[in-house]
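Reviewing the structure listed below.
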Amino acid sequence: MRRFFHLAHLSAGFIAVLVGYTSSAAIVFQAATAAGAEAAHLASWLLALGLGMGATCIGLSLRYRSPVLTAWSTPGAALLGTALIGVPMGEAVGAFLFASTLMAVLGFTGGIEHLIKHVPKALAAAMLGGVLVRFGLGVFTALQSSLVLVAAMLVVYFAGRRWNSRYTIPWTLLCGLAVAGFAGQIHLDAIHWAPAAPVFVAPVFSVSTIVGVGIPLFIVTMASQNVPGIAVLRANGYTTPASPLIGWTGVTGMALGAFGGFQFNLAAITAAICMSPEADQDPQRRYLAAVWAGVFYVLTGLLGATVASVFGALPPGLVAAISGIALFGTIGNSLTAALGEERSREAALVTFLVTASGLTLAGIGSAFWGLLAGLAVNWALRR
């Protein structure tokens, strides 16, 4: 039991959830509003999403002894923010259930495994580096507006790397909270405590909504979230089978879609935090960081909209700094793996650059296009 309560695991899990909520909770609010959600519906959405992510993080990580982190579909939420305008809530739920059913079918039939086998490890690492590099850059961008706060966190981080690397990230986070609190930058008055309650919405299956919302939601989630999520696992040396991971996220969406769990998928950015050396020097024990992330997801779900106000009370500079600093090790390892092999270096470089560019085409994010571009270059140069 004592080994489970490890500070490094706990802090990595907390930071992963912090990054997940602060980076995209507003997009989920927008999607819910577009669907005509009232305050009770919004709280139910957060409850369903928190419980779904928590259950899958804990269950899948313990089952496969790998740091499996799941998340809501951020690109999917962005899509819903426009696609659900004028769509009745019941039809929206029907589209959610349809997309999750497709996800479960694709997962359990093994289709995703065949796709991932054709992705070279160097390109997967390059894609991961491209996704994460903006977070690393964000640390130094935040110096412009929060010089003292971010500088203090960097000093503590590098001092920790020099003398006590095992607890570097927890100490860095505590330093940030202390400096922000002393400067009066943590707004406790903005926190509103209110537990969430589930609100069931009966699904209505409309062909037009399924075609216009359900299918695009499935495609965007698979291309922008699940493919990068599996690639992150592979880039970090984990051979966890992809099919059941995808399948169970689909089943979770089927179970919780009527309560607002619009789509679940494998995480990439937040997963990388729990796969970093800062989470544990032993890769075989990093799954416990993902388990703790699941615990925090459950707690955030139970508290509903309260969580958004808690994270909103923290200064943006602190969130940007701890998000990037927690990923320094993973970014470095990714670039080393991506560019270390000469024959795939150019393809990996293209993958990294396209992914880092933030390119979005047809509603699909840069991680997918970066991987596609890298595969094309790799194929062309080896013919």
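Of all the listed residues (Ala373, Ala271), the sole one being without any contact (Cβ under 8 Å) to a residue 60 or more places away in the chain and in contact with a Leu (Cβ under 9 Å, 6 or more places away or on another chain) is Ala373. Scanning region 134-164 for residues that are exposed (fewer than 15 other Cβ atoms within 10 Å of the Cβ) and small (Gly, Ala, Ser) yields Ser145, Ala151, Ala159. Is it true that some residue in region 197-208 is buried (at least 19 other Cβ atoms within 10 Å of the Cβ), of a type in the set (Val, Ile, Thr) and part of a helix (DSSP H, G or I)? No. Just one of the listed residues (Gly54, Gly90) is under 19 Å from the mean Cα position of the chain (by Cα) and in a helix (DSSP H, G or I), namely Gly54. Among the residues making up region 337-383, those that are surrounded by fewer than 17 Cβ atoms within 10 Å (Cβ to Cβ) and touching a Phe, Trp or Tyr at 6+ places or on another chain (Cβ under 7 Å) are Leu359, Leu361. Applying a threshold of 6 Å to beta carbon distances and a minimum spacing of six or more residues, or different chains, the list of pairs starting in region 277-300 at a residue that is touching a residue at least 60 places away in the same chain (Cβ under 8 Å) and ending at one that is among the charged types (D, E, K, R) and surrounded by fewer than 24 Cβ atoms within 10 Å (Cβ to Cβ) reads Arg286/Asp280; Tyr287/Arg65.
Within region 65-83, at least one residue is aromatic (Phe, Trp, Tyr) and surrounded by 22 or more Cβ atoms within 10 Å (Cβ to Cβ). So Gly130 ticks every box in (1) over 21 Å from the mean Cα position of the chain (by Cα); (2) buried (at least 20 other Cβ atoms within 10 Å of the Cβ) but one. Which box is left unticked? Failing condition for Gly130: (1).
Return yes when Ser100 is more than 16 Å from Pro203 (Cβ to Cβ) and not hydrophobic (A, V, I, L, M, F, W, C) and no when it is not. Lay out the reasoning, then the answer.
On the way: more than 16 Å from Pro203 (Cβ to Cβ): no; not hydrophobic (A, V, I, L, M, F, W, C): yes.
Judged against the criteria, Ser100 is not a match.
In region 313-330, is there at least one residue being at pLDDT 90 or above and either part of a helix (DSSP H, G or I) or farther than 26 Å from Gly138 by Cα (or both)?
Step one: list which residues in region 313-330 are at pLDDT 90 or above, which gives none.
No, region 313-330 contains no residue that is at pLDDT 90 or above and either part of a helix (DSSP H, G or I) or farther than 26 Å from Gly138 by Cα (or both).
State yes or no: is Ile186 part of a loop (DSSP other than H, G, I, E, B) and within 27 Å of Ala272 (Cβ to Cβ)? Yes, satisfied.
Restricting Leu349, Leu371, Leu381, Leu353 to residues that are under 16 Å from Ala235 (Cα atoms) and modelled with pLDDT of 85 or more narrows the list to Leu349. Which condition breaks for Leu174 when tested against (1) aliphatic (A, V, I, L, M); (2) farther than 13 Å from Leu318 by Cα; (3) without any contact (Cβ under 8 Å) to a residue 40 or more places away in the chain? Condition (2) is where Leu174 drops out. Restrict the check to region 115-122 and report whether at least one residue is part of a helix (DSSP H, G or I) and over 20 Å from Ser334 (Cα atoms). There is at least one residue in region 115-122 that is part of a helix (DSSP H, G or I) and over 20 Å from Ser334 (Cα atoms).
I'd like to check something: does region 103-110 contain any residue that is out of contact with any Lys or Arg (no Cβ under 6 Å at 6 or more places or on another chain) and at positive phi? Can you show your working first?
So the first thing to find is which residues in region 103-110 are out of contact with any Lys or Arg (no Cβ under 6 Å at 6 or more places or on another chain), and the list is 103-110.
Narrowing further to those that are at positive phi: 110.
There is at least one residue in region 103-110 that is out of contact with any Lys or Arg (no Cβ under 6 Å at 6 or more places or on another chain) and at positive phi.
How many residues does region 233-260 contain that are surrounded by 24 or more Cβ atoms within 10 Å (Cβ to Cβ), closer than 28 Å to Thr355 by Cα and among the small types (Gly, Ala, Ser)?
In the first step, residues of region 233-260 are kept if they are surrounded by 24 or more Cβ atoms within 10 Å (Cβ to Cβ); the result is 233, 235, 242, 245-246, 249-250, 252-253, 256-257, 260.
Among the residues that remain, those that are also closer than 28 Å to Thr355 by Cα are: 233, 235, 242, 245-246, 249-250, 253.
Pick out the ones that are also among the small types (Gly, Ala, Ser) and you get 235, 242, 250, 253.
Residues meeting the conditions: 4.
Among the residues making up region 196-231, a single one is β-branched (Val, Ile, Thr), under 17 Å from the mean Cα position of the chain (by Cα) and at pLDDT 85 or above: Ile230. A Cβ distance below 8 Å, combined with a sequence gap of six or more or placement on separate chains, defines the contacts here; from region 132-155, residues that are modelled with pLDDT of 90 or more reach residues that are hydrophobic (A, V, I, L, M, F, W, C) and in a loop (DSSP other than H, G, I, E, B) in the pairs Val148/Ala183; Leu149/Ala183.
The values are calculated or read from the model by the stated rules, or taken from the named source; none is laboratory data. Nothing here was measured: the structure is a model prediction, and the numbers come from that model. Glycine gets a Cβ as well: all are built from the backbone with ideal geometry, and neighbour counts include every protein chain shown.
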